[in-house]
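Shown next, in structure tokens, is the structure this report addresses.
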Amino acid sequence: MLIVMHHWATSKDVAQVKKTISSMGLKPVAIPGAARTAIGVIGNQGRVNDAPLRDIKAVMEIIHVTKPYKLVSRDFHPADTVVQLGKKVKVGGTSPFLVIAGPCAVESRKQLMKTARFLKKTGVPVLRGGAYKPRTSPHSFQGMREAGLVLLDEVRKETGLLVVTEVVSPEHVGIVAEHVDILQVGARNMQNFDLLTEVGRIKKPVILKRGLSATVEEWLGSAEYILLGGNPNVVLCERGIRTFETATRNTADLAIIPLVRGMSHLPVIFDPSHATGKRPLVAPMALASIVAGAQGAMIEIHPEPERALSDGPQSLHFKEFEKLRAKIRSLDGFVRKHLA
Ligand code: PEP
Ligand code: MN
């Protein structure tokens with residue numbers, strides 16, 4: 001439920017509404033706006049009996065939200081959320097298009113440092129690299145795990161790059177958050193509700209990927225778990241879903257980007273690597289996502305993709321990525337100037 005106050009409502013009126021909501025056993029969340037204040041109500045299981053609020057003169061309108069998510073919706077928070085990454089980088093709102101790049105998996109110190117130095121030189125602020133890899137087959141490389149986290153931590157300290165890695169289990173949230181700047185919840189864990197609750201308890205930013213066959217509503221419901229836990233720093237990442245089509249690894253409907261940006265205030269980024277699974281398709285889809293309204297992209301690169309322990313066929317060579325980086329910069333500039 002959302003309570004919209006009259007523009008003339010005083011802070012005393014707002015306090016009265018909040019007190020009334022609390023006395024109903026619910027939690028008020030004030031959302032100050034430019035013209036008027038709105039107050040969100042959370043904690044209800046079904047439709048709330050709004051009678052005690054209807055009598056308050058300063059209340060202009062009471063909107064019953066029937067969606068399975070509230071805190072992530074534009075109704076609750078009309079302005080874009082800007083998520084701060086580290087001290088200097090931002091994603092969302094009118095921030096520059098964020099580029100995150102790196103190998104699918106952390107494989108060795110040499111591989112990671114080589115990638116980090118290259119990213120630094122190319123002006124990419126965030127390095128990705130999986131330490132815990134959720135693989136389809138238990139016979140595939142499972143990641144370096146704790147040793148991978150230690151390497152990521154070393155690399156960020158040595159280069160000043162921000163680092164993102166996937167967390168696959170609730171018990172690992174603490175240790176992962178100690179070693180990296182941004183946590184990723186992968187497609188396979190999008191509905192691991194214990195994991196979502198746990199990353200909701202920390203303050204570090206979380207990239208929440210869309211599930212393998214999740215609807216937009218389910219994806220936003222998952223983001224709601226994290227916000228409700230108290231962590232507002234969520235970035236949504238579209239990475240395609242499974243359909244009958246097998247010509248690409250996943251099917252990435254770019255219409256989802258403007259759709260979700262309309263539904264939610266959270267930043268939306270795109271992963272053209274997992275969306276396509278094919279190296280030649282990564283650059284065109286990354287560029288297309290900018291025009292569709294994505295606020296960043298996460299792209300897999302590798303010093304030697306042919307030798308990569310995971311996702312080599314979708315990983316760009318450094319030279320290919322360098323060209324894409326330049327195109328992203330100029331297209332982002334064009335879109336801001338002429339299409340925003
Ligand atoms: C990844 O980013 O390497 C990954 C496993 O992605 P997803 O969860 O989208 O499949
Ligand atoms: Mn991967």
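The values are calculated or read from the model by the stated rules, or taken from the named source; none is laboratory data. Fair warning: this is a prediction, and the values are worked out from it, not measured in the lab. Cβ sites come from the backbone with ideal geometry, for glycine too, and all protein chains shown count toward neighbours. Heads up: the accessible areas ignore ligands, DNA and RNA and are worked out on the full protein's heavy atoms, side chains in. Shrake-Rupley method; radii C 1.70, N 1.55, O 1.52, S 1.80 Å.
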- request: Would you point out the residue of the stretch 48-73, among those that are open to solvent by 30 Å² or more (accessible area, probe 1.4 Å), in a loop (DSSP other than H, G, I, E, B) and within 23 Å of Trp8 (Cα to Cα), that is modelled with the highest pLDDT?
  value: Lys57
- request: Check Lys120 against each of (1) in contact with a Gly (Cβ under 9 Å, 6 or more places away or on another chain); (2) open to solvent by 20 Å² or more (accessible area, probe 1.4 Å); (3) closer than 22 Å to Ala223 by Cα and name the one condition it does not meet.
  value: (3)
message: Need the failing condition index for Ser222 against (1) open to solvent by 30 Å² or more (accessible area, probe 1.4 Å); (2) more than 16 Å from ligand 2 (Cβ to nearest atom); (3) polar (S, T, N, Q), just the number.
response: (1)
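Which of the helices (runs of 4 or more DSSP H) found entirely inside the stretch 192-309 contain at least 2 residues meeting this: of a type in the set (Val, Ile, Thr)? Let's see the steps before the verdict.
Working: elements: 193-200, 216-228, 256-263, 272-276, 279-292.
Ranges flagged: 193-200, 216-228, 256-263, 279-292.
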- prompt: Across the stretch 225-267, which residue is farthest from the chain's Cα centre (by Cα) among those that are β-branched (Val, Ile, Thr) and buried (at least 24 other Cβ atoms within 10 Å of the Cβ)?
  reply: Ile226
message: For the stretch 293-324, give me the residue count where each residue is open to solvent by 20 Å² or more (accessible area, probe 1.4 Å), closer than 19 Å to Lys121 by Cα and not acidic (Asp, Glu).
response: 5
- prompt: Among all residue pairs at least 6 apart or on different chains, which show Cβ distances below 9 Å where the first residue, located in the stretch 196-222, is within 23 Å of Val180 (Cβ to Cβ) and the second is assigned to a helix (DSSP H, G or I) and of a type in the set (Asp, Glu)?
  reply: Leu196/Glu224; Glu198/Glu171; Arg210/Glu218; Gly211/Glu218
